[in-house]
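The values are calculated or read from the model by the stated rules, or taken from the named source; none is laboratory data. Everything quoted here is computed from the prediction, not taken from an experiment. Note that we place each Cβ from the backbone using ideal geometry, even for glycine, and neighbour counts take in every protein chain shown.
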Amino acid sequence: MCKECGCESSGHIHQQVLKVPGMMCSNCENTVKTAVLGLAGVNSVDVDLTSKDVKVSFDAHQVTIDAIAAAIDATGFEVTEINKAEHTHGGIVGKLKGLFK
């Protein structure tokens, strides 16, 4: 659990953003999501077609960011950049803290 907010970040859950500039439409989005969600250890995938970002939450004990990038590359799309995502506090404690700021 994240000490800051009580969310599900236990230290081995990572969030990273992969830049995939070739994505243009919902079919592209679905192709990328399906490939990434098919990997063991991937918790969630969010695709932003405007920014061409794919935000992935995954268990680093089960899958690596390199394997995730390879799965995207295998669909015919190219991952051009990988960045650490900003941690968003999603637990109940984080929500309560947000209410009282």
(1) at pLDDT below 90; (2) under 13 Å from Gln16 (Cα atoms) all hold for Val54 apart from (1)
Per the filter on region 55-69, residues outside any strand (DSSP E or B) and either within 10 Å of the chain's Cα centre (by Cα) or in contact (Cβ under 8 Å) with a residue 24 or more places away in the chain (or both) are Ala60, His61, Val63, Ile65, Ala67, Ile68, Ala69
Note on region 23-54: residues assigned to a loop (DSSP other than H, G, I, E, B) and either among the polar types (S, T, N, Q) or without any contact (Cβ under 8 Å) to a residue 24 or more places away in the chain (or both) are Ala40, Gly41, Thr50, Ser51
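A quick yes/no check of all residues on (1) among the hydroxyl-bearing types (Ser, Thr, Tyr); (2) farther than 17 Å from Asn83 by Cβ:
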| position | (1), (2) |
| --- | --- |
| Met23 | no, no |
| Ser26 | yes, yes |
| Asn30 | no, yes |
| Gly38 | no, yes |
| Gly41 | no, yes |
| Asp46 | no, no |
| Leu49 | no, yes |
| Lys52 | no, no |
